[in-house]
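This report refers to the structure that appears directly beneath it.
The numbers here are math on the coordinates, done by the rules we state, and not lab data. Everything quoted here is computed from the prediction, not taken from an experiment. Here the Cβ positions follow ideal geometry from the backbone for every residue, glycine too, while neighbour counts run over all protein chains shown.
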Amino acid sequence: MRNGILLALALAVGYGGAEAWAVKSSWDAVGRVATTPAAGHVAATAGHNTLMVGSDARSDLTPAQREALGTGTAEGARTDTIMVLHTGSGDPTLLSIPRDSYVEIPGHGMNKINAAFSIGGAPLLAETVEKATGLRIDGYVEIGFGGFAHLVDAVGGVRMCLPAPINDEKAHIDLPAGCQILDGKNALGYVRMRYSDPEGDLGRVKRQRQFLSALMGKVATPGTVLLPWALHSVGTSAASAVAVGQEDTISETASAFLGLRTISQGKGHSVTVPVANAGLQTPAGLAVEWDAAAASQLFEQLRSDSALTTPSPTPGT
């Protein structure tokens, strides 16, 4: 009996140590990015807001990888995906901001919001989002082209159900209708594609939210989280693909991903900034104009960590 108890304790300690090793090694591999706005953050708002960015930076990809993933050869970095995850006293909210949103970029006038990242990186994008929404950005997560594809492959692909076939040469994808497992290359094309989407950028942000939720559901399964070797494999793959804010802690980042996990389970809210005009003519080209009144109402509810009264999207949108 005594030996059995000692063996059980030894196994528990060994398991706990292995889990701690998997978590620490993954966190140590995460990149760090300066994110504090040059003018400082806006005043604190209720809850916690994590800015989540999908960058099209290609500098870490070889020419062969760029060709295989269909990323193109443009230099510099822009943001294909801009989301804010709000967590607080109630259910989490994942807010998508269309990359073509026409807003004021501090110090640079009116432009599409994704230009902020190209001009001044994460600090200017955070400042732009704060100025446009009034939400204080408390955390930051960024993932690039190659890292995204690698992470999807590391979890064995992600199952998505397409209502219609997609053939988009610019995104390098040719997918049939129906449910299927998307590997890294096809997943990247799926979340980037917009020219073949009748809703353009607005259709893309819907797909991005759907896919991100599905991916988090796949990453955070018991088979991954409770097995140290699986957690280490997926964790280091994710960590090498992700950068976080220099001041972000492991608990804050973990809390953000738990929020995404909650949304992947069909709880919480998944919304887009209300839009008045998706084809606004501007000096920067066609852009997205927000519905000022509806957007202001949504932002105020998030700033005060209140229950959302704006309609949530129906399932599948």
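Sorted from largest down, what three extents in whole angstroms do the Cα atoms of the stretch 84-199 have along their principal axes?
Largest to smallest, the principal-axis extents are 44, 35, 25 Å.
What ranking do Ile173, Ile137 get, fewest neighbouring Cβ atoms within 10 angstrom at the top?
Working: Ile173 20, Ile137 24.
By the 10 Å Cβ count, ascending, the order reads Ile173, Ile137.
So, by mean Cβ neighbours within 10 angstrom, what's the order for 289-299, 265-275 with the highest one leading? Mind dumping the intermediate values first?
Working: 289-299: 16.2, 265-275: 17.7.
Result, highest mean first: 265-275, 289-299.
Calculate, in nm to one decimal, what His41 and Ala164 gain on full extension: separation in residues at 0.36 nm each, minus their alpha carbon distance.
Details: separation 123, 0.36 × 123 = 44.28 nm, distance 4.34 nm.
Gain in length upon complete extension: 39.9 nm.
Could you work out how far apart the two model spin labels at Leu286 and Cys179 are, taking each label as a point 7 Å from the Cα in the direction of the beta carbon, and quote it in nm?
Once both label points are built, they end up 3.5 nm from each other.
Could the peptides 162-171, 186-195, 121-130 be put in order, highest first, of the mean number of other beta-carbon atoms found within 10 Å of their residues? If you can, show how the numbers build up before the last one.
Working: 162-171: 13.6, 186-195: 21.9, 121-130: 23.5.
The packing order, highest mean first, is 121-130, 186-195, 162-171.
Cα-Cα over 22 Å: which of Lys131/Lys206; Lys112/Lys267; Lys185/Lys206? Before the final figure, lay out each step's value.
Working: Lys131/Lys206 24 Å; Lys112/Lys267 31 Å; Lys185/Lys206 19 Å.
Checking Cα-Cα distances, Lys131/Lys206; Lys112/Lys267 exceed 22 Å.
Extending each Cα 7 Å along its Cβ direction at Ser89 and Gln297, get the distance between those two points in nm, one decimal.
In this crude label model, Ser89 to Gln297 measures out at 2.2 nm.
Quick one: length gained pulling Ser196 to Arg32 fully straight, 0.36 nm per residue minus the C-alpha distance? Can you show the working numbers first?
Details: separation 164, 0.36 × 164 = 59.04 nm, distance 3.49 nm.
That works out to 55.5 nm of additional length.
Taking the Cβ of Asp138 as the centre, find all other residues whose Cβ is under 11 Å away and add up their charges (Lys, Arg: +1; Asp, Glu: -1).
Values: positive: Arg136; negative: Glu130, Glu247, Asp248, Glu252.
That sum, taken over residues with Cβ under 11 Å, equals -3.
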